[in-house]
Amino acid sequence: MSIEPDISPSPDTPAPIEAKVSPMMEQYHEIKAANPGLLLFYRMGDFYELFFEDAEIAARALGITLTKRGKHKGQDIPMCGVPVERSDDYLHRLIALGHRVAVCEQTEDPAAARARKSVVRRDVVRLITPGTLTEDTLLDARANNYLLAIARARASAGADRIGLAWIDISTAEFIVTECAPAELAATLARINPNEAIVTDALYSDPELGPLLRELPAVTPLTRDVFDSATAERRLCDYFAVATMDGLSAMSRLEATAAAACVTYIDRTQLGKKPPLSPPSREATGSTMAIDPATRANLELTRTLSGERRGSLLDAIDCTVTAAGSRLLAQRLAAPLTDVEQIAQRLDAVAALLPDPGLREALRATLRAAPDMSRALARLSVGRGGPRDLAALRDGLLAADQALAQLGALEVPPKEIQTAMAALRRPSRDLAQEFSRALADDLPLMKRDGGFVREGYHDALDETRKLRDDSRLIVAAMQARYADDCGVKGLKIRHNNVLGYFVEVTAQHGDKLMAPPLNLTFIHRQTLAGQTRFTTAELGEIEAKIANAGDRALGLELEIFERLVALVQAATDDLRAAAHGFAALDVTLALAKLAVDDNYVRPEVDGSLSFAIEGGRHPVVEQALRRDGQPFIANACDLSPGPGQQSGQIWLITGPNMAGKSTFLRQNALIALLAQIGSFVPASRARIGIVDRLFSRVGAADDLARGRSTFMVEMVETAVILNQASERALVILDEIGRGTATFDGLSIAWAAIEHLHESNRCRSLFATHYHELTALSAKLPRLFNATVRVKEWHGDVVFLHEVLPGSADRSYGIQVAKLAGLPPSVITRAKSVLAKLEAQDRGQSARALAEDLPLFAVTARAAAEPSPPSEAERLIEALKALHPDELSPREALDALYALKAKLGKA
Ligand code: ADP
Ligand code: MG
């Protein structure tokens, strides 16, 4: 594409006349209207320009200057632009902020437009949205990039279902699942999409809307995209099959969400169909449910301040490939609940432990293996280059090497066998073909040429020879001309304006312009120091060279397309191999972690056990080690005691800084690591599957987010008390701290009783209200533990040892002294404390525990509502109907259902 000159008055310049709309602005508005909700990158020469509101948004987001260009309807047109050459960088920043961009290119040579006296033709060639990227420059290599579609099926009160489908088009993963509206928050947190599409109705739903609008980039779309009646057909069209039954089993709701995904991809890729794996269904309950607050709180993939460094993922990520890193992050986001599957992963890690030499050799092989999935995705949407082909070649060579190395395992466990089978899948002819076809040094773009190896293609070799020979001929010609003219310094040069020309210094110019030499040399240009000529012979050679060059490039592009076609035919196999690498990388990484950090294999089973010996915090331990400090290991046993049916609650008291929070979190993290199939930081661990993990921290530790922190704390505690069932693991850290002492104590008191009597789940509860320890007298599965400290010469020494028993007091004053409070304040505080202790609050708490009837008796009675009357049921059913969202068929069904309800009354 040549450059469109920006000189007025070209037809592209907005007309200065007020109220008249220039042809360019007319074109602009037309294209803009066809792409609502997207920033329009409008190509003008070497720049993408943005106008009007788009310009204002982009200028603010990118920190670039907002200018004006002409007038539209009498008003200045705000404008800003980004150079095409550096547009990737700007795109990246806009996409990261959740914007979507339509890229509009010039689709003809501006000269042609000038000849027509018309505005240059332009067209949108691509929509770039956060969830549909393929370029390495726009993607984070170590994270998946998901587009998520969310659909809802309405049912009678409380029984609504949510269907979710998510796709990473850069790796072709395609997954569907269903959940209840109450589980949506946890599911969204697990998927962590980069972009979401939802129905208009969901977007503005009073309950779910706020949750959805919090997602990074979310677009409400019209009903047709989420039409369940056409979903199957749209999916069949995409996968070019007659029925989806053979590809994947999906509920109708899941298919609706899946179809929305492919329709959106169709629209954004303008008809190009990136290959996708058939939707795989994630069974409900197959992963540990972890809500967003728990994820944030346990700092799984980001710390509370938002960095990867310091998170659990960062601490355990010893992968050497980007795909491996992505897979590890996926596994960490979705720990398994199936004992057998977990055992298989653990078997694989265990098999790699004994042979460090093998592990290092395999890791070296993997390190050299490129990111095949993403290269594959780029090639299949026509955005790939020669280096993507080379990536596949190198990947296949690495696969052979890895397979040879894995031969050292006598009986590979199932997980490794699966990876090996995947690595064997692609035909090795492909690698050979690529090795023969691709040169050693490859250009980034195919249009740069020069990527086909010499000796691969006869016609190409010949054409290249012609091109190169012509260059020799030019050199020979230069020698001959120099001889003929008797001008030693005569040169044949080339530039874009004159093409090939003969150049001599000015003093020899006259000689060539005089007979007889002027018969051969035709004067073209006189510069200050040189005179330039052409000859007829030179013109001929020039045409030949240009032709040969063009033809060589044409041949190379043909070869490229042929190689891409080979890749496309082998896509599924190549993708499987890429996944095999990733799985191998994760297993190797976990094995390395287990050895380096001294982890053990956990026993994971279907019981309600939770018995950890010598447990450590994976992240704190690493941090302390860097400072040369030891981490004090601690045991924890929440398993049901003899004769008990449910797990225990440990109530942990101890002064600030003793290590309570660390202890709580380390146990949650050990359960989580075990269920992703990793060894764990402990000397022994037996864990009965945890189906939900909850972790909450009292308000003072939390960052305020607009709402009162105490309110946040209570809302989150409510979720746990309402949802945790017997298989859950609950971590409550200083709940009740965010309010006045007696308030807080009372809330913590009641919450523990509820956990013990209603939820009956394995729990850890840290508190500085040592009054609560009195409860253990009454609640048989409540166990008191404390983090030991020693008082030494009036100072407190933290031992970080968790032992049975309760803290005798808070040591708050000693900690305050350590923190450097003035001695006078410390002395005064001590005397106030002595007065307060004389009132003996601890004693009164013990009395309270004995006096109060047990929580459950009253609570159960109040919590169980009487069954609804017929009239109430009908009203509920009517409330749940949303006429605007029903198809005629569904409306009719609903009418019958109502009638049936009445019939029963
Ligand atoms: P608390 O919640 O009781 O106030 P924390 O769990 O926040 O205490 O721990 C305070 C600090 O003590 C941590 O930052 C950590 O450096 C150190 N610490 C905690 N537990 C241990 C341990 N088991 N071994 C060594 N150091 C620990
Ligand atoms: Mg704490």
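Please treat every number below as a calculation from the coordinates, not as lab data. None of these values were measured; they are calculated from a predicted model. A quick note on method: Cβ atoms are made from the backbone with ideal geometry, for glycine too, and the neighbour counts reach across all protein chains shown.
Just going by the charge dipole of the chain, with Lys and Arg at +1 and Asp and Glu at -1 on Cβ, which of Pro36, Tyr238, Pro78 is farthest out on the positive end?
Checked the options; the winner is Pro78.
Go ahead and estimate [θ] at 222 nm for the chain from helices alone: -39,500 (n - 2.57) per DSSP H run with n ≥ 4, summed, over the residue count, rounded to 500.
Roughly -14000 deg cm²/dmol at 222 nm, from the helical runs in the chain.
Mind running the shape call on region 278-384? Use the C-alpha gyration tensor, a ≥ b ≥ c as the square roots of the eigenvalues: rounded below 1.5 for a/c, prolate if a/b tops b/c, oblate otherwise.
Because its axes are fairly even, with a/c under 1.5, region 278-384 counts as rounded.
Would you mind checking the radius of gyration and Dmax of region 102-217 based on alpha-carbon positions, in Å?
According to the Cα coordinates of region 102-217, Rg and Dmax are 19.9, 67 Å.
What FRET efficiency, computed as 1/(1 + (r/R0)^6) with R0 = 56 Å and r the Cβ-Cβ distance, is obtained for Arg116 and Ala364, rounded to the nearest 0.05?
With a Förster radius of 56 Å, E is 0.40.
Over what distance in Å are the Cα centres of region 19-38 and region 222-257 separated?
That distance is 35 Å.
Does anyone have the angle between helix 458-485 and the longest principal axis of the chain? Alpha-carbon axes, 0 to 90°, nearest 10?
So the inclination is approximately 50 degrees.
Where does each of 452-462, 879-889 land if you order them by average Cβ count within 10 Å, highest first?
The densest-packed peptide leads the list: 452-462, 879-889.
Pairing the Cα long axis of helix 339-352 with the longest principal axis of the chain, what angle in degrees results, from 0 to 90 and rounded to the nearest 10?
60
Would you kindly derive the ³J(HN,Hα) couplings of region 52-59 from the backbone phi angles with the Karplus curve 6.51 cos²θ - 1.76 cosθ + 1.60 (θ = phi - 60°), listing them in order in whole Hz, with x for Gly and Pro?
6, 4, 3, 4, 5, 4, 5, 4
Full extension from Ser280 to Arg493: what is 0.36 nm times the residue separation minus their Cα-Cα distance, to one decimal in nm?
70.5 nm
Please give the net charge around Leu624, taking every other residue with its beta carbon less than 14 angstrom from that of Leu624, where Lys and Arg add +1 and Asp and Glu add -1.
Once positives and negatives cancel, what remains is 0.
Give me the angle, in degrees from 0 to 90, between the Cα long axis of helix 660-676 and the longest principal axis of the Cα atoms of the chain, rounded to the nearest 10.
Tilt relative to the chain: about 60 degrees.
With respect to the cross-link table entries Lys778/Lys835; Lys660/Lys778; Lys32/Lys73; Lys488/Lys511, which display a Cα-Cα separation exceeding 19 Å?
Among Lys778/Lys835; Lys660/Lys778; Lys32/Lys73; Lys488/Lys511, the Cα-Cα distance tops 19 Å for Lys778/Lys835; Lys660/Lys778.
Using the alpha-carbon centroid of each, what span in Å lies between region 422-477 and region 763-800?
Here the answer is 74 Å between Cα centres.
Fewest Cβ neighbours within 10 Å first, please rank Trp792, Trp166, Trp749 accordingly.
The order, fewest Cβ neighbours first, is Trp792, Trp749, Trp166.
Once the mean 1/r over all distinct Cα pairs of the chain is inverted, what Kirkwood radius in angstroms do you read off?
Kirkwood hydrodynamic radius for the chain: 33.1 Å.
Excluding same-chain residues fewer than 8 positions from Lys790, which aspartates and glutamates have a Cα within less than 19 Å of its Cα?
Answer for Lys790, where 19 Å is the Cα cut-off: Glu801, Asp808, listed by chain and number.
Per 5 Å bin from zero, what fraction in whole % of the C-alpha pairs of region 147-284 is there, up to the bin with the longest pair?
Final binned percentages: 2, 11, 22, 26, 21, 12, 5, 1, 0.
How big is the dipole moment of the chain about its Cα centre under a simple scheme where the beta carbon of each Lys and Arg is +1, that of each Asp and Glu is -1, and everything else is neutral? Debye, nearest 20, please.
For this selection, approximately 840 debye.
Please give every one of the lysines within straight-line cross-link reach of Lys446, meaning a C-alpha to C-alpha distance under 27 Å, and leave out same-chain neighbours fewer than 8 residues apart.
Lys272, Lys273, Lys465, Lys544
What order do you get for 711-717, 337-343 when each peptide is scored by the mean count of other beta carbon atoms within 10 Å, highest first?
711-717, 337-343
Treating cross-link reach as a plain straight distance, find the lysines whose alpha-carbon is under 30 Å from the alpha-carbon of Lys899, omitting any fewer than eight places away in the same chain.
Lys879
Which one, Leu376, Ile559, Ile57, is farthest towards the positive end of the dipole of the chain when Lys and Arg carry +1 and Asp and Glu -1 on their Cβ?
Positive-end residue among those listed: Ile57.
Which peptide among 122-128, 236-242, 754-760 comes first, and what is the full order, when sorted by highest mean count of other Cβ atoms within 10 Å?
In decreasing order of mean packing, 122-128, 236-242, 754-760 become 754-760, 122-128, 236-242.
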